[in-house]
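Trainee: Please read through the structure below; I'll follow up with questions.
Please treat every number below as a calculation from the coordinates, not as lab data. Here the structure is a predicted model, which is why all the values come from computation and not from measurement. Reconstructed Cβ throughout: ideal geometry from the backbone, glycine too, with neighbour counts over all protein chains shown.
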Amino acid sequence: MTNREAREPWILVPAFREGAGLRATLRPLCRRYANVVVVDDGSDDDTHAVALEHPVWVLRHAVNRGQGAALQTAIDFALARGARELVTFDADGQHAVEDVEALLAPLREGRADVALGSRFLGTAIGMPRRRRVLLRLAVHFTRLTSRIDVTDTHNGLRAFTREAAARIRITQDRMAHASEILDQVRTARLRYVEVPVTVRYTPESLARGQRSSDALRVLGQLVRGRLLR
Amino acid sequence: MTPFQWITLAAIALVLVRQVAALRRSRAGRRMRLLGIAVALAAGAAIAEPDLVTAVARAIGIGRGADVVLYVSVLAFTLVAFFLYARLVALRRDLTEITRRMAIEGARRGSAAGRGADGAEQAGGAGGEDPVER
């Protein structure tokens, strides 16, 4: 591993069917960070090819396994290359690159092992009403079942120290991975803080986003994932 | 004997012959096979002699033989369902694990220059080290 790989933070981007939109996400990331890992979760479009146009590590799942699985793959890869700071980052352009430093700050100051982004503490731009309601429900459910006190349980923007990341093992491949991560943070007694971040709902991400029926399915997966753990 | 008994007993006899032959051939899955043979024998006995089931039912305090069969079937089905689901979950985990290993081993470095990276850039950074294995 090179010095840069060890010193600089690793940005982990799980991606599925992001296509050309991935460029908008990767470009600003690559400008600031040398260690970016994109895990293509078995996309059937040009996600993989688009990723390879950028100075990033590109991994590809041969079959689609879910966002949780893609995240764990990225974590394993980064740790193997000596990552000391790991930041998960969504591929769909909802997150702001500037927030990465805000998440790393508490880790560097030694105040926390894990930093969790929260759009409810920060800013949610263009969030549809139904989505907000649904998310609030999910937050409530996760807070009840995971007994962890966070305001935004399904935010893909998180930062981990190397030690913290090594203590986590995502086994829930699909949507339940978010609450699984929180669960493990709690049981491993990792120190966590919430950091206000900005989440921007772009027309693209909304179009791809969940309809009511999808939303119910996600909640169902949450419950089922919880029951099986 | 009723037609039903003829047909089903013949089928069971066939299954038994094949399972016993397979049992003698290889040691693999011995326990499951023995269990299957036991079940087939019990089913054959119950079909050949329905009064047997009634006798068993009386002995354990359930009124009708048909009820015993029902309860046993429901119980067996539930157990099998749980067992299969557990195996499915384990299978999914294995699949993810394999997919992950392949992904990590096949890691490539993209390049700002344009499309894709060839072998020379695959290792990234200085020194040309291979993607690291855990």
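Trainee: Using packing as a proxy for protection, rank B:35-45, A:147-157 so that the peptide with the highest average count of other Cβ atoms within 10 Å comes first.
Mentor: Working: B:35-45: 14.3, A:147-157: 19.1.
Most protected by this proxy first, the peptides run A:147-157, B:35-45.
Trainee: While we're here: What is the list of residues in region A:83-97 whose amide nitrogen lies under 20 Å from a point 7 angstrom out from the Cα of A:Ile125, following Cα to Cβ?
Mentor: Backbone N within reach: A:89-97.
Trainee: For a quick protection proxy, order the peptides B:20-30, A:158-168 by their average other-Cβ count within 10 Å, most packed first.
Mentor: Working: B:20-30: 10.6, A:158-168: 21.8.
So the peptides B:20-30, A:158-168, ranked by packing, come out A:158-168, B:20-30.
Trainee: Which of rounded, prolate or oblate describes chain A when judged by the alpha-carbon gyration tensor and an a/c cut-off of 1.5? Present the calculation step by step, with values, prior to reporting the outcome.
Mentor: Details: a/c = 1.39, a/b = 1.12, b/c = 1.24.
In terms of gyration-tensor shape, rounded.
Trainee: A further question follows. What average count of beta carbons from other chains do you get within 10 Å of the Cβ of residues in A:127-136?
Mentor: Numbers: counts 0, 0, 0, 0, 0, 0, 0, 0, 0, 0.
Partner-chain Cβ atoms within 10 Å, mean over residues of A:127-136: 0.
Trainee: Right, something else. For A:Gly122, what residues show an amide H to amide H distance below 5 Å, using hydrogens built from the backbone and excluding near sequence neighbours?
Mentor: Amide H to amide H, under 5 Å and 5 or more residues apart or across chains, A:Gly122 pairs with A:Val197.
Trainee: Can you tell me the relative contact order of region A:59-165? Whole percent, Cα pairs under 8 Å, sequence separation 6 or more.
Mentor: Computed over region A:59-165, the figure is 40 percent.
Trainee: Sorted from fewest to most neighbouring beta carbons within 10 Å, what does the list A:Val50, B:Val15 look like? Don't skip to the answer; put the middle values down first.
Mentor: Numbers: A:Val50 24, B:Val15 16.
Going from least to most buried by this count: B:Val15, A:Val50.
Trainee: While we're here: Going by how many other beta carbons lie within 10 Å of each one, how would you line up A:Thr25, B:Thr78, fewest first? If you can, show how the numbers build up before the last one.
Mentor: On the way: A:Thr25 25, B:Thr78 10.
The fewest-first ordering by Cβ neighbours comes to B:Thr78, A:Thr25.
Trainee: Just need the relative contact order of chain A here, percent rounded to a whole number, with Cα pairs under 8 Å and 6+ apart.
Mentor: Values: 433 pairs, mean separation 52.5, N = 229.
About 23 percent, as a whole number.
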